[in-house]
Amino acid sequence: MTFVRLYLRQWVAPILFFAGFLFLWESMIRIFEIPRVVLPSPAAIGSALIRMRHELVLGLMRTLSASMSGLFASTTIGILTACVFSQSRLIRVTLYPYAVLLQTIPIVAIAPIILVSLGRGFFSIALIACLICLFPVITNTTTGLMQVDPELLDLFRLYRATRWQVLTRLQIPTAMPYLISGIRIAAGASIVGAIVGEFFVGSSQPGLGAIIQQKDTFTLPDLYAAVFVSALLGTSMFGVISVLGEFVLRRWFGMSLIQQK
Amino acid sequence: MQPPENQGIRIKGVTHRFRADERLIVEAISLDVREGEFVSIVGPSGCGKSTLLRMVAGLLKPSEGEIVVGCGSERSPAGARIGFVFQQAALLPWRTAWQNLVLPFELGPTDVRQGIPSESQIFEVIRRVGLRREDVHKRPRELSGGMRMRLSLARAILQNPAILLLDEPLAAVDDILRVQLQEDLAGLHFERRLTSMLVTHHLHEAIFLSDRVIVLSGSPGRQLGELRVDEPHPRRSEFRRSEAFFRLTNELSSILQDGGAER
């Protein structure tokens, strides 16, 4: 699979940059003797990662399952909403401001409300993740559904295609690259959503958010380790969706996201 | 209005205005295309040639006047089966050539849908337009511009249409290929005798293919005149080099210039 190699090649430079950054960071800590409570060294964070591995892996699994559930729900709801939006200008004009509103309300403000209303459980965390993902999926998919080539639309009209046929055979395939871009953005955001949710849930079954929340200045390397794992998870989600999306686009739609860059 | 004889086209006093600003696109066009006749519409850019063709196809409604296609009713041109070849070939990029060919048979309400033609019929049409059997598995982006146009033409004639509408189908291909495709189109017209309307801005193309060339003025498009081409079908490449061809080209240019339309 050539495109997997292409993606991997894209990661070489950022990884080398990160390695250089870590080296510089470690050197600065040693040269200037910066205290651990101000900025822990990469080595200290590394040992915290090893020490906390069981806790972090468990947390990661919990965060991942909540964010994946949120992402799945948002993708389903987002696609359905976009399909409805694409059918009528009136519906679009009437409801789109509410989609924007959903995006502009700070998720840290909604999270406690959801937890109070729906309980401090998995469902609430997944719902918060879902809410944060919904906007990119709706907007990207709606844009894609509206990008249909006018000539192709004429062709479908000429052959008296029904609304359903236009949607399923023309609009949805046209929207696929946009949808996949939307899911890719949402994938990273879903981790943020789940972590914000876990922040408020507490420690009964701690995900990464709860682990981060429990740490303080005395356990700064542990905090950095948890943040590092969270960032790694978000980036991996983005990467996995990119590769999967590219595969789907190439295999079934003869398109590519790589060529569009 | 009486329907035109069999599978002809009758355009009577047709005017089209942009709905947004009431701007006139074409004005008072009247034209009869007989069954089996090949008629071209030429005129400067923006004179509403394509708009006229889209009205014939039923994709646009005339603001005034009537269009009857085949035995269809007023403003319901789809009374006859129409094949339409679009300027950009209008192929679905995610479908293979084969899947693009059968697309029209998947569309429309179930009760009016035609059955998918047999494999041999499809391969016959593919051969007829100059594509190879192995091309059917390719996606449009794997085909050249000329092949995409041939595929688009194959899709149109696979419907077994009574009427063929061609909207500048050769505008995007190079000169050498254009000449070749024109000859293929001429051969196809001779074989099938489809009532055909071609929109083009190439005067030579219009003369080579048509029985009649209708000249429209600049925006809004009004009929300036028409040119009859009496050369028998099938048209061969020698026709291009004949004295008659040069004379017809000059006549057509004169109609355009006298009417104030610039090419």
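The values are calculated or read from the model by the stated rules, or taken from the named source; none is laboratory data. Since the structure is predicted, the reported quantities are computational estimates derived from the model, not experimental observations. All Cβ positions, even for glycine, are placed from backbone atoms using ideal geometry, and neighbour counts span all protein chains on display. Keep in mind that these areas ignore ligands, DNA and RNA; they rest on the heavy atoms of the full protein, side chains included. Shrake-Rupley method; radii C 1.70, N 1.55, O 1.52, S 1.80 Å.
Residue under question is A:V196, and the condition is that it be modelled with pLDDT of 85 or more and open to solvent by 40 Å² or more (accessible area, probe 1.4 Å); does it hold? If you could, list the steps in order and put the result at the bottom.
On the way: modelled with pLDDT of 85 or more: yes; open to solvent by 40 Å² or more (accessible area, probe 1.4 Å): no.
Judged against the criteria, A:V196 is not a match.
The set of residues in the stretch A:147-180 being in contact with a Gly (Cβ under 9 Å, 6 or more places away or on another chain) and open to solvent by 30 Å² or more (accessible area, probe 1.4 Å) consists of A:R157, A:R160, A:T162, A:I172, A:Y178. Of the residues making up the stretch A:1-26, those that are at pLDDT below 85 and either surrounded by fewer than 14 Cβ atoms within 10 Å (Cβ to Cβ) or not in a helix (DSSP H, G or I) (or both) are A:M1, A:T2, A:V4, A:R5, A:L6, A:L8, A:R9, A:Q10, A:W11.
The combined condition, being more than 30 Å from A:T63 (Cα to Cα) and either part of a loop (DSSP other than H, G, I, E, B) or not hydrophobic (A, V, I, L, M, F, W, C) (or both), is not fulfilled by A:T141. When residues in the stretch A:234-259 are screened for being in contact (Cβ under 8 Å) with a residue 12 or more places away in the chain and within 13 Å of chain B (Cβ to nearest Cβ), 6 of them pass.
So is B:V173 surrounded by 16 or more Cβ atoms within 10 Å (Cβ to Cβ) and at pLDDT below 85 or not?
Values: surrounded by 16 or more Cβ atoms within 10 Å (Cβ to Cβ): yes; at pLDDT below 85: yes.
Answer is yes for this residue.
For the stretch A:239-255, filtering for residues that are in contact with a Lys or Arg (Cβ under 7 Å, 6 or more places away or on another chain) and modelled with pLDDT under 80 leaves 1.
Here A:L118 fulfils each of the conditions (1) more than 14 Å from chain B (Cβ to nearest Cβ); (2) buried (at least 22 other Cβ atoms within 10 Å of the Cβ); (3) more than 22 Å from A:F85 (Cα to Cα) apart from (2). For first residues located in the stretch B:129-154 and on the phi > 0 side of the Ramachandran plot, partners that are modelled with pLDDT of 90 or more and lie 6+ apart or on another chain with Cβ distances below 7 Å form the pairs B:G130/B:R150.
Taking the stretch B:66-99 as the range and being open to solvent by 20 Å² or more (accessible area, probe 1.4 Å), within 11 Å of another protein chain (Cβ to nearest Cβ) and modelled with pLDDT under 90 as the test, the residues that pass are B:A78, B:R81, B:Q87, B:Q88.
Which residues, taken from the stretch A:27-49, are open to solvent by 60 Å² or more (accessible area, probe 1.4 Å), part of a helix (DSSP H, G or I) and not aromatic (F, W, Y)? Even if it seems obvious, please write down each step before you answer.
Initially, the stretch A:27-49 is screened for residues open to solvent by 60 Å² or more (accessible area, probe 1.4 Å), giving A:28, A:30-33, A:35-38, A:47.
With the extra rule that they be part of a helix (DSSP H, G or I), the set shrinks to A:28, A:30-32, A:47.
A:M28, A:R30, A:I31, A:S47 - these are the residues of the stretch A:27-49 that are open to solvent by 60 Å² or more (accessible area, probe 1.4 Å), part of a helix (DSSP H, G or I) and not aromatic (F, W, Y).
Output yes when any residue across the stretch A:208-228 is open to solvent by 20 Å² or more (accessible area, probe 1.4 Å), within 24 Å of the chain's Cα centre (by Cα) and within 14 Å of chain B (Cβ to nearest Cβ), and no when none is. There is no residue in the stretch A:208-228 that is open to solvent by 20 Å² or more (accessible area, probe 1.4 Å), within 24 Å of the chain's Cα centre (by Cα) and within 14 Å of chain B (Cβ to nearest Cβ).
Just a yes or no: is a residue in the stretch B:127-141 within 24 Å of B:L198 (Cα to Cα), among the aliphatic types (A, V, I, L, M) and out of contact with any Cys (no Cβ under 9 Å at 6 or more places or on another chain)?
yes
With respect to the conditions (1) within 10 Å of chain A (Cβ to nearest Cβ); (2) in contact with a Gly (Cβ under 9 Å, 6 or more places away or on another chain), B:G108 lacks only one, and its number is (2). Answer with yes or no whether A:A161 is at negative phi and more than 10 Å from every other protein chain (Cβ to nearest Cβ). Against the criterion (at negative phi and more than 10 Å from every other protein chain (Cβ to nearest Cβ)), A:A161 does not qualify.
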